[in-house]
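The values are calculated or read from the model by the stated rules, or taken from the named source; none is laboratory data. The structure displayed is predicted, hence computed values, not measured ones. Heads up, the Cβs are rebuilt from the backbone with ideal geometry, glycines too, and the neighbour counts pull from every protein chain shown. Calculation scope for accessible area: heavy atoms of the full protein, side chains included, ligands and nucleic acids excluded. Shrake-Rupley method; radii C 1.70, N 1.55, O 1.52, S 1.80 Å.
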Amino acid sequence: MSTSKKSRSLLLNIRNISIEGYSDEAWHPIIKGVDLQIKRGEVLGLIGESGAGKSTLGLAAMGFVRAGCRFTGGSISFEGKDLTKLSEKEKQKLWGTKFSYVAQSAAAAFNPAHTLLNQTIESSLSHNLETKENLKKNAVKLYREMQLPNPEEIGDRYPHQVSGGQLQRTMTAMAMTSKPDLIIFDEPTTALDVTTQVNVLATIRSIVKEHQTAAIYITHDLAVVVQMADRIQVLRYGETIEVAKTNQMLKSPNQEYTKSLWAVRSIQKKPQKKEDTILKIESIDASYDSGPMVLKNIDINVPTGRTVAIVGESGSGKSTTARSITGLLPPTNGKIIFQGRKLPARLSERSKEDLRRIQMIYQSPDTSMNPRHTVRDIIGRPLKFYHGVVGNRYTEKVIELLKMIELDESFIDRLPEELSGGQKQRICIARALAAEPDLIICDEVTSALDQIVQEGILKLLLRLQKELKISYIFITHDIATVKAIADEVVVMHQGSVVEQGLKKDIFSPPHPDYTKLLLSSVPEMDPKWLTRILTQ
Amino acid sequence: MHPIITTLIKRIGLGIVSLFFVTLIIFSSVNMLPGDFVEAVLGQSRTEETVRIFRQELGLDKPYHVRYVNWLTSAIQGDLGNTFSGRNATYANQPQQNTARSVSSLLQPRLFNTFFLAAMTAIIAIPLSLILGITAALYRNSFYDRTVNASALTAISMPEFFVAYVLIIFLASINQFFPSLSNVTSSTPFLERVYLSILPALTLTLVTVAHMMRMTRASIINLLSSPYIEMARLKGMSRTKVIIKHALPNAWAPIANIIAFNLAYLIVGVVVVEVVFVYPGVGQLMVDSVIKRDIPVVQGCALVFALTYILLNLIADVISIVTNPRLLYPK
Amino acid sequence: MSKASNQYSAKNEVSNTHVRRTIFQRSLISLSKAPFTAWLGMIIVSSYFFVAIFAPYLAPYGEAQIFKVPYAPWDNVHIFGTDRLGRDILSRLIYGARNTMGIALTTTFLAFLIGVGLGLLSAILRGWVDQILARFVDILMAIPSLIFALMLLSIFGSTALNLILIIAVLDSTRVFRLARAVGMNVVVMEYVEAARLRGEKISWIMGREILPNILPPLVAEFGLRFCYVFLMIASLSFLGVGIQPPTADWGSMVRDTGELIQFAAYDVTAAMTPILPAAAIGILTIGVNFVVDWFLYLTSGLKDEHQ
């Protein structure tokens, strides 16, 4: 967002703030002495990876700490007052008038028992800012500005009656009603699909600009924050890494960590063509419990020793396709041909050998490893189960596998909770390798990880493919990841395949309508991207 | 059709189905009696003739399902058969001297007494425990909360008869405020009936309030941790407004369930309390009949308890359904 | 921080990992922070177990030994007097710990065996097995359990074995529901799916993948169910349909001496005779409840209460 030239006065000044949280019977620091300034009408982007303390800091800007947390030092000055010293009553006067908050999950943040309009105006009404009639009129106006359908009537609906994107916009309108000085946006589009995200971003940006409201925009997505913010502050483990104007940070980030946030976008696999296929999916349909069809007539080919990326938004059927291949959700029609042989549809009908040859790696390593098993058990079980490896050979094999994933024997007796995110995902890869499979299905394996860790995992997978000639099916919603790893791409939408082809063919025009929409909706690092997309 | 009506119909249908199975279980119980209970009931001086007559009366000569249908149709009409006790061979030869009574006539006055006691307890216990539970949740971890919580935990752990005996010692024996025997009859005037029932009602109140209070506290704390409550606070709403406008409308369903659960608990607790205070209710009748192994009476009592239990749970679910905004205002 | 990220290596990846502590270390840390009520509870429970195990050495007389004087007053020979038949109250109290707790423990174990087994089976298999089991349990639970137990005891007769079997089956319905619910939460985890994709048998999935992860709630529930079973057996014995004489049992001791309560105004110690076993029941349940309450607090992660 362009910065207006006229000099602006300081609105909020956070000095050396520290916050602690209570867990495991002790207080742990969450924010370790952070400074944050924001001027009137300015949008500050707050970016960082999981555990950086962004949300805690965003809430602290309002003088609010969650239950189980406490301020331990520093000050938050707003209009000559220190928010850390105000009583709950005094802060209540500021909340909903001078400050507003837009939460990540609109679906949970709206009370299911009241209409949207009542919740929109409630705060201004209880602070006696305006008459009810004026507030209602104003709310309808804001609904219109937020491009909500039927702005006159949508307020009479209940939260569960409107879509996620609409709910997120209603929440922004709700935050605007009191004409606040500062709005905190806490990952407002993270729960939305990319194609929905574009419009929400655009309306948030225009309304904030229109009303000259200052905002703190919290996100983990650099490309998004670049569209929204005048200035960007990078956080890591509760400390500030770097603060700079958006353009400046893009051009020349000072810190290595900031540079690493771009990391994944630097890998580019050269696609290779291959004629013989290891897996052939022929017109399969699938549905859950005789419900509506979630997969319609899917055809996918996986060439031997290559990577096929399946892309699509949530609900496109990409994970369901994986479940059908593994036999967890037997298709109702069509067939799956693996290494030239038709696979039984059901998991229970497949032989041990069938199961061994197709392995799976999941999105969240936290839930895909049993928290009560050690690394030795986790990696060793497939060795014992499929190959009957026991005794000394067992430990040797496990260490061999650990080395293959760039870890060593010091990890062998650890529990999952003693590993970092990337290490956990590597153990999951080793578990898949232990079976000596021919095909690995990777379901969003990098999306729960920090950027720099993603890069490491992708490189590892590429190396393993080269060495062991494994084929991958790579399921993801992230276009950058597809560019990094795929040979071929399958685009899915609402349970159907839109197109399949070589990566370079899919990513270059002409595109089918949906592919075009999907590709154009993915935020780019260019700060002018959003403006450009909207004018197209 | 409006989704609320279809949901209600489904829920009521489920209630009827479980009631059907419950009657089936209760009916089958008599057939599970080991050995030849007919001979046991009639005693030493039975003759082949009396045994045959008794078997016929019980319908043992007919197939199982016919007997069940007959039993069920008469049960619906309020006829639960006759007691076993009072039958023995001597009298069976002269039917006019048979002292077996109809189960329903035995149950009727006692049913009124039991419901009177339960109602009296509910009137004190429900408001009291809701107030205690909600205030403990609002001021959680305060001294008040800890005290209320620890006392509730203590009260829950006490067997009903212990509470009852302690109350008797202090309120009926050492200080003779109330009678320790609650021998009400159908002709007892209302106020005297209340006076006689005070100790049993107090015992039941102590035990149920503890349960209900703890459950209310837990569900309110759970409700207060929802994101929309945090949102309301961030909108600058005062504590009272957050609770009245945002927590309360969503609290009806859990509270209805807690009340139903505890009223159901009440009708179980009633059994022991009635025995301690020799209160002439269904619980006492049931225990007596179990000891005498007078199966038709046991069946009748079990049916009454199960019916109340199912009905209470049904009402709670109906309240949750009609206060659910997702069902009230469908998409 | 920035240096580390420059030379990324998987081995040195930093993040908020947990420090491994042995069970013993964990217990020590927790114990040192245990509240007063938890300590009280632990002391109560362990002393009850002590009495139950060493009953024959602690009791002055046998549990069914009859003396000449019925209703003897409290004195040096019979510390808490004798009952209607002239049996020593103290000895019966001590043996009662063994009988009452033994039967309640056996029943609870049995209830857990049935409930956890079927509950996990239901959670893993889903489909019609789950439907049938869940509906069946719903129906069993539609009759209040004390009432159901009374009915079944009137049919099968009040022997200790019947008592254990009937209450274990009735109580297993609640264990079933809990095991099924917490089991479901674990079954949806991807590591269980991974085990199924590997082709593991149900017994492995149940025993190795699910059970270790649901132990804390099951242990807490075991405490609560024990209390419930214990109170139920005590109530049934008090009503005269539970544990039968001459076995010393607290519930039936209350029943046997109940009428003495009327004499509280004249002789308090006489009125104490039924109160003693009743209190013995109550204090154990309080103790177990205190321990369970603390254990739940430790394991539930519900620690939002430190404002």
Inset, instruction - Restrict the check to the stretch A:327-337 and report whether at least one residue is open to solvent by 40 Å² or more (accessible area, probe 1.4 Å), assigned to a helix (DSSP H, G or I) and assigned by TED's automatic domain parsing to the domain that holds residue A:301. - result: no
Legend entry - Among the residues listed as B:233, B:214, the single one being of a type outside the set (Asp, Glu) and in contact (Cβ under 8 Å) with a residue 60 or more places away in the chain: B:214
Inset, instruction - Please enumerate the residues belonging to the stretch B:245-304 that are open to solvent by less than 20 Å² (accessible area, probe 1.4 Å), small (Gly, Ala, Ser) and farther than 19 Å from residue C:234 by Cβ. - result: B:247, B:251, B:256, B:260, B:264, B:281, B:289, B:300, B:302
Inset, instruction - Any chance you could count how many residues in the stretch A:259-291 are part of a helix (DSSP H, G or I), of a type outside the set (D, E, K, R) and modelled with pLDDT of 75 or more? - result: 1
Inset, instruction - Taking residue A:75 as the residue in question, decide whether it is more than 8 Å from chain B (Cβ to nearest Cβ), open to solvent by less than 40 Å² (accessible area, probe 1.4 Å) and within 27 Å of residue A:23 (Cβ to Cβ). - result: yes
Legend entry - Residues (acidic (Asp, Glu) and within 24 Å of residue B:223 (Cβ to Cβ)) located in the stretch A:111-136: A:122
Legend entry - Members of the stretch A:40-93 found to be among the polar types (S, T, N, Q) and either farther than 16 Å from residue A:187 by Cβ or over 20 Å from the mean Cα position of the chain (by Cα) (or both), listed by number: A:72, A:75, A:77, A:84, A:87, A:92
Legend entry - Residue list for the stretch B:178-230, restricted to those being over 30 Å from residue A:101 (Cβ atoms) and acidic (Asp, Glu): B:192
Legend entry - Identity of the residue in the stretch B:209-239, within 11 Å of another protein chain (Cβ to nearest Cβ) and β-branched (Val, Ile, Thr), that ends up farthest from residue A:89 (Cα to Cα): B:221
Legend entry - Where a residue in the stretch B:101-121 is over 13 Å from residue B:281 (Cα atoms) and its partner, wherever it lies, is assigned to a strand (DSSP E or B), with Cβ under 9 Å and at least six apart: B:101/B:82; B:102/B:82; B:103/B:82
Inset, instruction - Kindly establish whether residue A:163 is more than 22 Å from residue B:238 (Cα to Cα), open to solvent by 40 Å² or more (accessible area, probe 1.4 Å), at pLDDT 90 or above and among the polar types (S, T, N, Q). - result: no
Legend entry - Matching residues in the stretch A:108-128 - criterion: being out of contact with any Pro (no Cβ under 7 Å at 6 or more places or on another chain), among the hydrophobic types (A, V, I, L, M, F, W, C) and open to solvent by 10 Å² or more (accessible area, probe 1.4 Å): A:117, A:125
Inset, instruction - Return a yes/no flag: does the stretch A:83-94 have any residue that is more than 11 Å from chain B (Cβ to nearest Cβ), touching a strand residue (DSSP E or B) at 6+ places or on another chain (Cβ under 9 Å) and in contact (Cβ under 8 Å) with a residue 12 or more places away in the chain. - result: yes
Legend entry - Filtered residues of the stretch A:492-518 (kept if touching a Phe, Trp or Tyr at 6+ places or on another chain (Cβ under 7 Å) and of a type in the set (A, V, I, L, M)): A:498
Legend entry - Of all residues in the stretch B:169-201 being touching a residue at least 60 places away in the same chain (Cβ under 8 Å) and in a helix (DSSP H, G or I), the one that is nearest to the other protein chains (Cβ to nearest Cβ): B:199
Inset, instruction - Residues being of a type in the set (S, T, N, Q) and within 11 Å of chain C (Cβ to nearest Cβ): count how many of those fall in the stretch A:30-72. - result: 1
Legend entry - Pick from the stretch B:131-144, criterion surrounded by fewer than 18 Cβ atoms within 10 Å (Cβ to Cβ) and modelled with pLDDT under 90, ranking: nearest to residue B:224 (Cα to Cα): B:139
Legend entry - Options C:255, C:225, C:196, C:208; residue that is open to solvent by 30 Å² or more (accessible area, probe 1.4 Å), among the basic types (Lys, Arg) and closer than 29 Å to residue B:207 by Cα: C:255
Legend entry - Residues of the stretch A:287-312 that turn out to be under 28 Å from the mean Cα position of the chain (by Cα) and open to solvent by less than 20 Å² (accessible area, probe 1.4 Å), as a count: 10
Legend entry - Verdict on residue B:90 being at pLDDT 90 or above and assigned to a helix (DSSP H, G or I): no
Inset, instruction - Collect the residues in the stretch C:85-100 that are part of a helix (DSSP H, G or I) and either more than 25 Å from the chain's Cα centre (by Cα) or of a type in the set (D, E, K, R) (or both), keeping them in residue-number order. - result: C:89, C:92, C:98
Inset, instruction - For the stretch A:126-148, indicate whether the set of residues that are within 25 Å of the chain's Cα centre (by Cα) and touching a residue at least 60 places away in the same chain (Cβ under 8 Å) is non-empty. - result: yes
